[in-house]
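Undergrad: I'd like to ask you about the structure that follows.
The values are calculated or read from the model by the stated rules, or taken from the named source; none is laboratory data. Keep in mind that this is a model prediction, so the values were computed, not measured. Calculation scope for accessible area: heavy atoms of the full protein, side chains included, ligands and nucleic acids excluded. Shrake-Rupley method; radii C 1.70, N 1.55, O 1.52, S 1.80 Å.
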Amino acid sequence: MAGISRRDFFKKAGADAAVVGILAVTADKLYANPLGLPIGSQTYPHRQMIVDGKFPDLLKTLKDLGVERIELCSALGYKEFASLSDAKQTKKIIGDHGLKCESAHFSMAELRNTQDKSIEWAKEIGISQMITATLGMPPNQAPLDMDYVKKAADEYNKIGGIAAKAGIQQGLHNEGFELAMLDGKHVYDTLFELLDPKLVKFQFQMSTISSGLVGADYFTKYPGRFISMHVQDVDMNAPVPPPAAPDPNAPAGRGRGGRGGRPQKPVGQGTIDWVKTFKAAKVGGVKNYFVEQNMDLTKESVAFLKNLKV
């Protein structure tokens, strides 16, 4: 301790300890993601950048916001994502931007007809969760009945079984078909009874609160049945706007309604109780979550999630 008195030494040590404490608190605040899970973003709302050949720019933008995981849509089933068909190159671009991709959406058409190719593409990227938006309404305006629901569930259980043999977890989102009412309850609830818990997990769409489906309630009611969720907030006190025109080019279940009509808000500025939601999500089995909003809302939502402690 040459050149410094005992008193000055302890004074300096105390100051250093205080700085360390401040840094620790700051770091804790910076990385206070709910449940300690990395913040994710579904890329579907930003698909035009992919169409325009700006996939690397999209990833840089998301990474700069604080996103650590992305969820893709299949290059085989979604035409806007066709430029990502080279799985090795796609994986490299994702890794070069410090991101990871463990989940993606796949159309029912490709799962029916080219599931092996979809699995191959997924595994090359490192995707271990294959989600489909919806099992789909009956074709040609046929009536929705329990026989159709059972057939749809049987088909998806088989798809889930093939995925499981490849080390992939199959998962079901909740879109138009799942939100339909049959025999006094949502088809979604019936599917929890019909789908094999080992073969199929669920991905909850938080904006379906507009249709009466509350995430926290479902996570608690069906413990262990979920794997992920799409994160949006909704102003349930706002008037319901006229329904938007359907997108004729969207895969079944996307751009075809079923998400409720009330306006979305940045996470933390709407009606949803997020502390309650994430606590329940742990019970539900949720392993990851993805903000699915336009870029302006995504920026505010990610900033909120970065500081949300649960």
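Undergrad: Using the eigenvalues of the Cα gyration tensor, what equivalent ellipsoid semi-axes result for region 76-184 when each is taken as the square root of five times the eigenvalue, whole Å, largest first?
TA: Equivalent-ellipsoid dimensions as semi-axes: 30, 14, 12 Å.
Undergrad: While we're looking at this one, here's another question. How much accessible area per residue does region 42-124 have, counting only protein heavy atoms and a probe of 1.4 Å, in square angstrom?
TA: Accessible area per residue, region 42-124: 46 Å².
Undergrad: Further question on the same structure: If you roll a 1.4 Å probe over region 261-310 with all protein chains in place, what percent of the accessible area is carbon or sulfur?
TA: That fraction is 49 percent.
Undergrad: Rolling a 1.4 angstrom probe over the protein heavy atoms, how many square angstrom per residue are accessible across region 140-181?
TA: 48
Undergrad: Here's a follow-up. Let me test this: with uniform point scatterers at the alpha carbons of region 142-240, what is the Debye-based log₁₀ I(q)/I(0) at q = 0.12, 0.15 1/Å?
TA: -0.41, -0.63
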